[in-house]
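**Student:** Next up is a structure, given as structure tokens.
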Amino acid sequence: MKKIYRANILYTKQKDCFEIIEDGYVAVGDDGRVCRVAADRDSLGWPDAEVVDYTGKLLIPAMNDVHVHAAQYHNQGIAMDMELLPWLEHYTFPEEAKFADTDYAERIYSRFVSHLRRVGTMRAAVFATVHTEGTRRLMRLFSEAGMGALVGKVAMDRNCPDSLIETVDEAVSGMEQLATEYSDPQSLVRPIVTPRFIPSCTPAMLKACGELASRYGLPVQSHLSENLAEVASVHQLEPDALGYGDAYRRYGLFGQTPTVMAHCVWSDAAERRLMKEGDVMVAHCPTSNFNVASGMAPIRTFLDEGIRVGLGSDISGGHDLSIFRTMVYAIQVSKMHYQRNHDMPFLLLSEAFWMATKGGGSFFGRVGSFEEGYDFDALVIDDHDLYPEDYTLEQRLERFIYTGDDRHIVHRFCRGKEV
Ligand code: GUN
Ligand code: FE
């Protein structure tokens, strides 16, 4: 059904400024895609289309989370006292091992998906665990919810407990089953090839992942240059590679198909050049980088160099599933960089918003904007209790991002359907 939505409309076509239409209209076609945005009803045409009236409220693109671990949801907000490698060993791997129990997986994953919906995230690039059946349940939960997700059965076969180790054949067979079950490229839920990171995967596993991505035309997600001890271990494990990113590239896992890499805190100029060449997206995860004491990713540098950036909550390295709150942390990290180096201007609100919407959304298709042809992924925000009368629409949005929460999100849409 064609629909027209009336509200105060804000979105970012470019990262430097908001497009703002006070009391405007968005026309959405039968296919769930935006046809047009206009300031008045008459210029839209479609005289018979239903007008859904959200007058006075804010209508913005929905949030996209380009890096999150559904299987770490039980650990959200706890276990913050270690750096990455011991944190994985002591807290994360034991939790993920529990997902061999499919009932446990179903219970945790259903809470995770419902929380993600609540905070207004309509698309996510998600790590599950090595367990094929648990991963299948997670994909089904996203499908049933009508939300978009790239879901990864995690590949790992070294430096972890025996209970999480699969052979390369087992891993490939599980990934192929899911790729076959979710083979429609138009589907909102799709598999993504997910080698955990180089310290967790033997060369044979990495090679198999690269081949699978190319054979099925699947995207890739992993972790890159997050923590200094991790980076040092990759140099030891892959002595012939020019660096961490180059090691992935050699296995067909760095831009040969669409690729998103989490963190990139320590990526040097050569690695950034490879990212630019392969159009590899950075998943910026500021809360996780604080909690696991990894460092501060140089997002201004990535943006200046034309590297794609989206935002990730990275539960449970990160503690907050809200991408609105993640925007605030991203701006704050950029201000710490700025204090050290005034050549790195801190992020504007519009830049953080762009990363959360159009920047990250580009990993899922035409997602994250209200331009023509974009999927209508949207949130309606009722912020009447938050702002004084003299606020502009941009100030209302800023106040909501900094101080609002999911109680202010009154409607959620993914590809035109209310979720
Ligand atoms: N590197 C490899 N696995 C993980 C993980 O689960 N979380 C984070 N933050 N980094 C990782
Ligand atoms: Fe992660």
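**Student:** Which whole-number percent gives the relative contact order of the chain, counting Cα pairs below 8 Å spaced six or more residues apart?
**Tutor:** It comes to 21 percent, rounded to a whole number.
**Student:** Follow-up. After finding the eigenvalues of the alpha carbon gyration tensor for the stretch 258-313, what semi-axes result from the square roots of 5 times each, listed largest first in whole Å?
**Tutor:** Gyration-tensor ellipsoid for the stretch 258-313: 18, 11, 9 Å.
**Student:** With θ taken as phi - 60° and the coefficients 6.51, -1.76 and 1.60, list the Karplus ³J(HN,Hα) couplings across the stretch 371-378 in order, rounded to whole Hz; mark glycine and proline as x.
**Tutor:** Once rounded to whole Hz, the list reads 6, 4, x, 6, 4, 7, 9, 8.
**Student:** Give the Debye-formula value of log10 I(q)/I(0) at each listed q (0.20 Å⁻¹), with one equal scatterer per alpha carbon of the stretch 95-185, two decimals each.
**Tutor:** -0.96
**Student:** Counting Lys and Arg as +1 and Asp and Glu as -1, what is the net charge of the other residues whose Cβ lies under 13 Å from the Cβ of residue 315?
**Tutor:** -3
**Student:** Further question on the same structure: Give me the dipole magnitude in Debye, nearest 20, for the chain about the Cα centre, with unit charges on the beta carbon: positive for Lys and Arg, negative for Asp and Glu.
**Tutor:** 300
**Student:** On to the next question. In a shell of Cβ-Cβ distance under 15 Å around residue 297, excluding residue 297 itself, what net charge do Lys and Arg (+1) and Asp and Glu (-1) give?
**Tutor:** After counting each charged neighbour, the total is -3.
**Student:** Mind giving me the FRET efficiency for residue 392 and residue 242? R0 is 56 Å, r the Cβ-Cβ distance, nearest 0.05 is fine.
**Tutor:** FRET efficiency, residue 392 to residue 242: 0.70.
**Student:** Can I ask one more? Can you work out the base-10 log of I(q)/I(0) for the stretch 194-243 at q = 0.18, 0.25 1/Å, using the Debye formula on its C-alpha atoms alone?
**Tutor:** Calculated log10 I(q)/I(0) at the listed q: -0.60, -1.00.
**Student:** Tell me, in nm to one decimal, what length is gained between residue 53 and residue 177 on full extension, where the rule is 0.36 nm per residue of separation less the Cα-Cα distance?
**Tutor:** Value of the extension gain: 40.2 nm.
**Student:** Here's another thing I want to ask about it. When the chain is fully extended, how far beyond the present Cα-Cα distance does residue 14 get from residue 39, taking 0.36 nm per residue of separation?
**Tutor:** On the way: separation 25, 0.36 × 25 = 9.00 nm, distance 1.95 nm.
Once the chain is fully extended between residue 14 and residue 39, it gains 7.0 nm.
**Student:** So if R0 is 30 Å, what FRET efficiency would residue 114 and residue 269 give, r being the distance between their Cβ atoms, rounded to the nearest 0.05?
**Tutor:** Calculated transfer efficiency: 0.10.
**Student:** Using a cut-off of 20 Å between alpha-carbon atoms, which lysines can reach residue 57, once sequence neighbours fewer than 8 places away in the same chain are excluded?
**Tutor:** Those lysines meeting the cut-off are 3, 417.
**Student:** Taking the Cα atoms of the chain, report the difference between the largest and smallest coordinate on each principal axis, in whole Å and largest first.
**Tutor:** Largest to smallest, the principal-axis extents are 63, 50, 38 Å.
**Student:** If each residue's Cβ is checked for other Cβ atoms within 10 Å, how do 354, 46, 266 rank with the fewest at the top?
**Tutor:** Numbers: 354 29, 46 16, 266 19.
Ordered by Cβ neighbours within 10 Å, fewest first: 46, 266, 354.
**Student:** Return the distance in nm (one decimal) between the two label points of a simple spin-label model at residue 158 and residue 293, each offset 7 Å from Cα along Cα→Cβ.
**Tutor:** The modelled label-to-label distance comes out at 2.7 nm.
**Student:** Now for a different question. Between residue 204 and residue 186, what is 0.36 nm times their sequence separation minus the Cα-Cα distance? Round to one decimal in nm.
**Tutor:** Fully extending the segment from residue 204 to residue 186 adds 3.4 nm.
**Student:** Would you mind counting up the charge near residue 417? Only other residues with Cβ under 15 Å from its Cβ, with Lys and Arg at +1 and Asp and Glu at -1.
**Tutor:** Cβ neighbours under 15 Å give a net charge of 0.
Every number in this text was worked out from the coordinates using simple rules, so none of it is lab data. Values in this document were obtained by computation on a predicted structure and should not be read as measured data. We place every Cβ from the backbone using ideal geometry, glycine too, and count neighbours over all the protein chains shown.
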